[in-house]
């Protein structure tokens, strides 16, 4: 079984390391200094930090081996925003597993906490990438959007990967990560640029997560009073299983 999970309410990320070295004390210090999250009293040893969190746990584990089965390398290929993603990912020799688990309460808070912990792990000397969901992120990209939390803005680009595809000669973007929030993944393809579609989807996804909205087949959605875009549920184009399609049009 893959180390990854898409189980609703559980958040897992992996920090890839170019060398098998991990400074647990420095991590705890960085997390406290950067995000005021105190794990100084957690159960820990040289390789693991575990703290009770609600009815679940915060777990940070150092693994002195690469991600198995070249999973990370495969997913890195799809990062169209980072041309060196695959080459950098191939260099990793170890990784840190960051997990925040428990029941389905406080989903957003668990996602925020996972992101803060991952961001603190990126301060490790040999950290080269973040692997989460089906995407591998460049550290500075991930760190940039984590800073949105300081302004009480959800770091959607860290939580949801916006993959690209083409269908019927049109540009398309799909989400990966909404399932962790208990939502259906979304696909949009349209006669519009990737940037326009991505900007639209970013607003929709933020609305869905922040307001805990469940989009349904047959509904409409719009970002203005006059905009009413149909929503349909059907077999995924770029993704397995059923996805929500929004009939986006610019303007």
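Residues checked against (1) in contact with a helix residue (DSSP H, G or I) (Cβ under 9 Å, 6 or more places away or on another chain); (2) at pLDDT 95 or above:
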| site | (1), (2) |
| --- | --- |
| 86 | yes, yes |
| 92 | yes, yes |
| 97 | no, yes |
| 102 | yes, no |
| 120 | yes, yes |
| 129 | yes, yes |
| 133 | yes, no |
| 138 | yes, yes |
| 141 | yes, yes |
Lone qualifier among 241, 218, 222 - being exposed (fewer than 13 other Cβ atoms within 10 Å of the Cβ), out of contact with any helix residue (DSSP H, G or I) (no Cβ under 7 Å at 6 or more places or on another chain), at pLDDT below 95 and over 25 Å from residue 114 (Cβ atoms): 222
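Matching residues to (1) within 23 Å of the chain's Cα centre (by Cα); (2) at pLDDT 95 or above:
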site: 1; (1), (2): yes, no
site: 4; (1), (2): yes, no
site: 15; (1), (2): yes, yes
site: 28; (1), (2): yes, yes
site: 42; (1), (2): no, no
site: 47; (1), (2): no, no
Some residue of segment 124-136 being within 14 Å of residue 79 (Cβ to Cβ), touching a residue at least 40 places away in the same chain (Cβ under 8 Å) and in a helix (DSSP H, G or I): no
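Condition check ((1) within 20 Å of residue 241 (Cβ to Cβ); (2) touching a helix residue (DSSP H, G or I) at 6+ places or on another chain (Cβ under 8 Å)) across all residues:
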site: 154; (1), (2): no, yes
site: 157; (1), (2): no, yes
site: 160; (1), (2): yes, yes
site: 176; (1), (2): yes, no
Matching residues, segment 59-80, being surrounded by 13 or more Cβ atoms within 10 Å (Cβ to Cβ) and touching a helix residue (DSSP H, G or I) at 6+ places or on another chain (Cβ under 7 Å): 60, 72, 73, 76, 79
Top-ranked residue in segment 176-212 [being under 19 Å from the mean Cα position of the chain (by Cα) and part of a loop (DSSP other than H, G, I, E, B); ranked as nearest to residue 159 (Cα to Cα)]: 177
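The values are calculated or read from the model by the stated rules, or taken from the named source; none is laboratory data. Everything quoted here is computed from the prediction, not taken from an experiment. Glycine gets a Cβ as well: all are built from the backbone with ideal geometry, and neighbour counts include every protein chain shown.
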